[in-house]
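*Asks:* Got a structure for you, written out below as structure tokens; questions coming shortly.
The values are calculated or read from the model by the stated rules, or taken from the named source; none is laboratory data. Just so we're clear, the structure is a prediction, and the values are computed from it rather than from any experiment. Cβ: placed from backbone, ideal geometry, glycine included. Neighbour counts: every protein chain shown. Note: areas computed on protein heavy atoms with side chains; ligands, DNA, RNA excluded. Shrake-Rupley method; radii C 1.70, N 1.55, O 1.52, S 1.80 Å.
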Amino acid sequence: MILLLAGTSDARALAVQVKKEGYDVTATVVTDNAAIELQRAEVKVKIGRLTQEDMMIFINEHGVKAIVDASHPFAEEASKNAIGAAAETSIPYIRYERASQAFTYDNMTMVSTYEEAAEVAAEKKGVIMLTTGSKTLQVFTEKLLPLSDVRLVARMLPRLDNMEKCQQLGLPQKNIIAIQGPFTKEFDQALYKQYGVTVMVTKESGKVGSVDEKVEAAKELGLDIIMIGRPKIEYGTVYSTFEEVVHALINQTRS
């Protein structure tokens, strides 16, 4: 069996591809919606966040031959758990990650952490739109909501837990955009205009994450952009195509 961390839409497509290659695959996901998508493709699914110990138990109980870590580029904890579990159980660890993108724009500020992004946003002031998800929302609400010259607008997936989190953190309902992408450049521009956005905060998630549409839309409107760079993790060899992952699996699991 192959344990595949399927944290993104392209990762779930990879799980389907690995199954087509004849492997017994169990994909791990966080949400029920992601699980439904995989179950339709007849891929086994395990729902919920796994610790390193959880992964090790699963590996030993199911005779897992390799871990394919296709988690989101910013799912730092999941990747570290997978690396540790693979090392402790002496099975191959294979990292799939969507390719990075390079952007050139005078009004773009590159930062390394969410905290740094919040600091820069506080300095810029104005109407700040977050497109960074709900997981780190508190970092921004604590820094920006108390500021009288800042309006914080957050775009995130339309999930009940996200709305409850916004309420707990004191983010006004009128400043929540609950919607699921991907979005076109034109749609992003319409949102920026509707809310009078002056600063857009995003992550370097890759093309599949529609980062280029968000950036191009902001550039054409002359907005400031704060881009959070990917975490620095020692993955070893990183593959960015399905074919490379399948080839690595063949080399490392079949004698």
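*Asks:* It is to be established whether one or more residues within the stretch 17-26 are hydrophobic (A, V, I, L, M, F, W, C), buried (at least 20 other Cβ atoms within 10 Å of the Cβ) and within 25 Å of E204 (Cα to Cα). Can you show your working first?
*Replies:* Residues of the stretch 17-26 hydrophobic (A, V, I, L, M, F, W, C): 18, 25.
The next check asks that each one be buried (at least 20 other Cβ atoms within 10 Å of the Cβ); those that pass are 18, 25.
So of that shortlist, the ones also within 25 Å of E204 (Cα to Cα) come out as none.
No, every residue in the stretch 17-26 fails to be hydrophobic (A, V, I, L, M, F, W, C), buried (at least 20 other Cβ atoms within 10 Å of the Cβ) and within 25 Å of E204 (Cα to Cα).
*Asks:* Restricting the search to the stretch 177-225, which residues are open to solvent by less than 50 Å² (accessible area, probe 1.4 Å), outside any helix (DSSP H, G or I), in contact (Cβ under 8 Å) with a residue 60 or more places away in the chain and in contact with an Asp or Glu (Cβ under 9 Å, 6 or more places away or on another chain)?
*Replies:* Hits for the stretch 177-225 are V199, M200, G206.
*Asks:* If you don't mind, another one. Determine, yes or no, whether V64 is in a strand (DSSP E or B), modelled with pLDDT of 95 or more and out of contact with any Lys or Arg (no Cβ under 6 Å at 6 or more places or on another chain).
*Replies:* Working: in a strand (DSSP E or B): no; modelled with pLDDT of 95 or more: yes; out of contact with any Lys or Arg (no Cβ under 6 Å at 6 or more places or on another chain): yes.
Spelling it out, it is not the case that V64 is in a strand (DSSP E or B), modelled with pLDDT of 95 or more and out of contact with any Lys or Arg (no Cβ under 6 Å at 6 or more places or on another chain).
*Asks:* Here are some residues: A11, A86, A82. Which one is open to solvent by less than 20 Å² (accessible area, probe 1.4 Å), at pLDDT below 95 and touching a strand residue (DSSP E or B) at 6+ places or on another chain (Cβ under 8 Å)? Full working, then the answer.
*Replies:* On the way: A86 fails: at pLDDT below 95; A82 fails: at pLDDT below 95.
Going through A11, A86, A82 in turn, just one is open to solvent by less than 20 Å² (accessible area, probe 1.4 Å), at pLDDT below 95 and touching a strand residue (DSSP E or B) at 6+ places or on another chain (Cβ under 8 Å): A11.
*Asks:* Restricting to the stretch 89-118, name every residue that is part of a strand (DSSP E or B) and open to solvent by less than 50 Å² (accessible area, probe 1.4 Å). Full working, then the answer.
*Replies:* The initial filter retains those residues of the stretch 89-118 that are part of a strand (DSSP E or B), namely 93-96, 108-111.
Within the stretch 89-118, Y93, I94, R95, Y96, M108, T109, V111 meet the criteria.
*Asks:* Quick one: is A13 touching a Lys or Arg at 6+ places or on another chain (Cβ under 8 Å) and assigned to a helix (DSSP H, G or I)? Don't jump to the end; show me each part of the working.
*Replies:* On the way: touching a Lys or Arg at 6+ places or on another chain (Cβ under 8 Å): no; assigned to a helix (DSSP H, G or I): yes.
Considered against the rule, which asks whether it is touching a Lys or Arg at 6+ places or on another chain (Cβ under 8 Å) and assigned to a helix (DSSP H, G or I), A13 comes out as no.
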